[in-house]
1. Please work out which residue is modelled with the lowest pLDDT, limiting yourself to region 316-351 and to residues that are over 11 Å from the mean Cα position of the chain (by Cα) and among the aromatic types (Phe, Trp, Tyr).
2. Against the condition in the same structural domain as ARG330 (by TED's automatic domain parsing) and modelled with pLDDT of 85 or more, how does GLY235 come out, does it pass?
3. Tell me, yes or no, whether region 212-220 has at least one residue that is more than 27 Å from SER259 (Cβ to Cβ) and either outside the structural domain of PHE158 (by TED's automatic domain parsing) or more than 22 Å from the chain's Cα centre (by Cα) (or both).
4. Would you point out the residue of region 319-352, among those that are closer than 19 Å to LEU282 by Cβ and free of Cβ contacts under 8 Å to residues at least 40 places away in the same chain, that is surrounded by the fewest Cβ atoms within 10 Å (Cβ to Cβ)?
5. Sort out which residues of region 311-352 are hydroxyl-bearing (Ser, Thr, Tyr) and in a helix (DSSP H, G or I), and write them in order of number.
6. Test ILE301 against the criterion of being buried (at least 18 other Cβ atoms within 10 Å of the Cβ), in contact with a helix residue (DSSP H, G or I) (Cβ under 8 Å, 6 or more places away or on another chain), in contact (Cβ under 8 Å) with a residue 12 or more places away in the chain and in a helix (DSSP H, G or I), and give yes or no.
Amino acid sequence: MLAGGSLLLLGAICHHLFASSLYAPESALVKFSPWLLFQGLDFAVAVLGGMLAVRYSPAASLKAAGILLLLILLQILFADLPVGLSSGWIWLGGCAGPLGLALGASWYRYRVLAGQDREHLPSLLELFAPTADRRAEAAPHTGLLEALALSVLCFGIFILYSSVAAFESSFRSFDFSISEQDLLNVLLTEIVLGVLALAWLRLRRYPLATLLPRPSLFGLVQGFVLYLLSFGLSGGMVQLLSPLAAADPAMPLSRTSISLYTILSVAAINGLYEETFLLGFLLRGLRRYGMAAAFLVSLLIRALFHTYQGPFGIVSVLIFGLVLSLYYWRSRLLFPVVVAHAFTDIVPFLLS
């Protein structure tokens, strides 16, 4: 019950951060698409919360689910209701959490626990992901020169551009706007550099099968949960540092109209590109130098090509990268990390 309640609390925090980043407290919620996204978030978190409650309280699963349902209803009762939507849509949105909780708890109770020894129940990790990818454990170690060379090839141009943009923004004269053509240029650049990097590794007889992620349906679920966790932690830290916002030299950011197809394509390629080479190659390849050294190199490079986002942006990126790195270090599963990164790229554009 505590595990399910903690997940519901994390989901509520993410919901609040999403809403507060999109709308001012006094503004009306009149856009339908972001509202629908919020309900999908609440539904998904409630499904997982119900499963957690039943998983860790099998003998009192109905009581645990009932208490969590009461908490959800109290949250709905004291929540700020959106303005600009009909009462029918508002009522439907209020059903997202309770319905998700009921589905998650009942599915786990009657489909997973049925006929099983409750002393040996599968964990959620066993349910929602394959076993750790043994190919990752067989991957070769990476030397420092090789790691430096690949980092320059894959991220050098992005670090240079980010540094120039950050320098320009310090004078408050640089308007960093993202257009569809900008995203397509990034997409093309990452495809070309990724192909060159893979070709170079192939010439060096690097086993590429150990580098690329292995997709799975359950990995999508894990990636979404990982995204919620990383967003909640990074957003919470930025909120704690918000009193320093007046001193934040982050550049102004404006976005022009961008098609959904472009957003999804760039998010998928960018997540695959960055996490494959930052975690799959660098973090895993430098493991013989110790966990601290491998994390330091990977996080440093990740921060360097996000300096255009300003100090708060860098803090958020570092926390996000740390969460993904810890997960990958323990699980050796790259696909959920790629999914979490893709969600991080997609959601801000959808909310804008």
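The values are calculated or read from the model by the stated rules, or taken from the named source; none is laboratory data. Everything numeric in this text was worked out from a predicted model, so none of it was measured. A quick note on method: Cβ atoms are made from the backbone with ideal geometry, for glycine too, and the neighbour counts reach across all protein chains shown.
1. Result: PHE349.
2. no
3. There is no residue in region 212-220 that is more than 27 Å from SER259 (Cβ to Cβ) and either outside the structural domain of PHE158 (by TED's automatic domain parsing) or more than 22 Å from the chain's Cα centre (by Cα) (or both).
4. Checking each candidate, the answer is ARG330.
5. Narrowing region 311-352 to residues hydroxyl-bearing (Ser, Thr, Tyr): 316, 325, 327-328, 331, 344, 352.
Answer for region 311-352, where residues must be hydroxyl-bearing (Ser, Thr, Tyr) and in a helix (DSSP H, G or I): SER316, SER325, TYR327, TYR328, SER331, THR344.
6. Details: buried (at least 18 other Cβ atoms within 10 Å of the Cβ): yes; in contact with a helix residue (DSSP H, G or I) (Cβ under 8 Å, 6 or more places away or on another chain): yes; in contact (Cβ under 8 Å) with a residue 12 or more places away in the chain: yes; in a helix (DSSP H, G or I): yes.
Against the criterion (buried (at least 18 other Cβ atoms within 10 Å of the Cβ), in contact with a helix residue (DSSP H, G or I) (Cβ under 8 Å, 6 or more places away or on another chain), in contact (Cβ under 8 Å) with a residue 12 or more places away in the chain and in a helix (DSSP H, G or I)), ILE301 qualifies.
Matching residues to (1) among the aliphatic types (A, V, I, L, M); (2) at pLDDT 75 or above; (3) in the same structural domain as PRO336 (by TED's automatic domain parsing):
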| position | (1), (2), (3) |
| --- | --- |
| LEU99 | yes, yes, no |
| ARG111 | no, no, no |
| LEU153 | yes, yes, yes |
| ILE157 | yes, yes, yes |
| ALA165 | yes, yes, yes |
| PHE171 | no, no, yes |
| SER179 | no, yes, yes |
| ASN185 | no, yes, yes |
